[in-house]
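Have a look at the structure below before the remarks.
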Amino acid sequence: MKFFIDTANLDQIKEAQDLGVLDGVTTNPSLMAKEGITGKENIIAHYKKICDIVTGDVSAEVISTDFDGIVKEGEELAKLHDQIIVKVPMIKEGVKAIKYFSDKGIKTNCTLVFSVGQALLAAKAGATYVSPFIGRLDDISTDGLNLIAEIRMVYDNYGFDTQILAASVRHTMHVIDCAKIGADVMTGPLSSIEGLLKHPLTDIGLAKFLADYKKGN
Ligand code: E4P
């Protein structure tokens with residue numbers, strides 16, 4: 001299972017990279033704006049900084065919604081760095097563009113996916129990753145994890161290569177449940193990864209080991 005961090009915050013990206021378990025980064029226009037990164041040139045420069053920190057895939061989202069615009073933007077983004085994955089929204093023009101990129105060997109992440117049908121379409125178009133937003137489904141009383149399970153079943157039925165990237169992960173239990181279901185990737189905040197470390201018996205056990213060591217010295 002790959003771990004991506006879902007942020008444009010360079011300190012958090014560095015921290016996750018230093019932990020040694022990071023496989024990539026996902027960003028979106030909202031995450032960029034949260035870090036105060038606005039304007040095309042600044043956003044492009046920020047993607048380059050992220051690529052310099054991590055060794056894995058970095059999703060960079062297009063903001064065009066028409067085929068020609070998505071293709072132009074996506075080709076520019078893909079040329080920035082070989083780690084860039086062009087993030088394309090699940091709309092009709094986006095599906096066409098994903099097919100175009102796939103034929104050209106440009107990797108894509110189909111974003112804003114909320115149904116099995118959309119995920120099926122993304123796979124048919126040749127998306128490298130499909131991003132079902134589980135947290136946003138949970139927010140509206142719909143089972144986000146169930147969507148991951150259904151997409152897993154459909155993709156396995158037909159041997160689709162598209163990787164299921166569980167997005168909008170909000171906490172550590174989402175990560176664990178996605179791993180049980182068989183999501184290929186999860187993207188979440190640093191806290192969702194660091195939460196995996198935590199167990200009170202580890203802390204209690206370590207404190208006792210260290211105290212006992214001191215007794216003998
Ligand atoms: C996916 O790539 C998105 O950036 C992200 O996971 C959205 O998460 P949110 O629902 O917490 O905004």
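Annotations for the structure displayed:
- Counted by Cβ distance under 12 Å from Val62, the other residues give a net charge of -4, where Lys and Arg count +1 and Asp and Glu count -1.
- Geometric extent, Cα atoms of the stretch 59-137 - Rg, Dmax (angstrom): 11.4, 33
- Residue with peak Gaussian network fluctuation, the chain [Cα springs, cutoff 10 Å], from Ala16, Ala207, Ala149: Ala207
- Between Ile53 and Ala33, the modelled label-to-label distance comes to 2.1 nm, taking each label 7 Å out from Cα in the direction of the beta carbon.
- Beta bridge orientation in the stretch 14-126: antiparallel %, DSSP, nearest 5: 0 percent
- Rolling a 1.4 Å probe across the protein heavy atoms gives the chain an accessible surface of 51 Å² per residue.
- The chain, helix-only ellipticity at 222 nm - DSSP H runs n ≥ 4, -39,500 (n - 2.57), divided by all residues, nearest 500: -16500 deg cm²/dmol
- Translational diffusion coefficient (Stokes-Einstein; Kirkwood radius from C-alpha pairs) of the stretch 22-161 at 4 °C, 1.567 mPa s, in µm²/s: 84 µm²/s
- Rounded to two decimals, the Cα radius of gyration of the stretch 1-74 over 2.2 N^0.38 Å is 1.13.
- Of all accessible heavy-atom area on the chain, the percent that carbon and sulfur account for (1.4 Å): 55 percent
- Most mobile listed residue (Gly24, Gly195, Gly74) in the chain, GNM with C-alpha springs under 10 Å: Gly195
- The Cα-based radius of gyration and maximum Cα-Cα distance (Dmax) for the stretch 33-89 are 11.1, 32 Å.
- Low-density loop cleavage sites - trypsin sites (Lys or Arg not before Pro) in the stretch 187-217, where at most 10 other Cβ are within 10 Å (DSSP): Lys198
- Value in Å of the Kirkwood radius, where the stretch 82-217 supplies the Cα pairs that are averaged: 16.5 Å
The values are calculated or read from the model by the stated rules, or taken from the named source; none is laboratory data. As the structure is a prediction and not an experimental result, all values here were calculated from the model. Virtual Cβ from ideal backbone geometry, glycine too; neighbours counted across all protein chains shown. The area values use the complete protein model at the heavy-atom level, side chains included, leaving out ligands, DNA and RNA. Shrake-Rupley method; radii C 1.70, N 1.55, O 1.52, S 1.80 Å.
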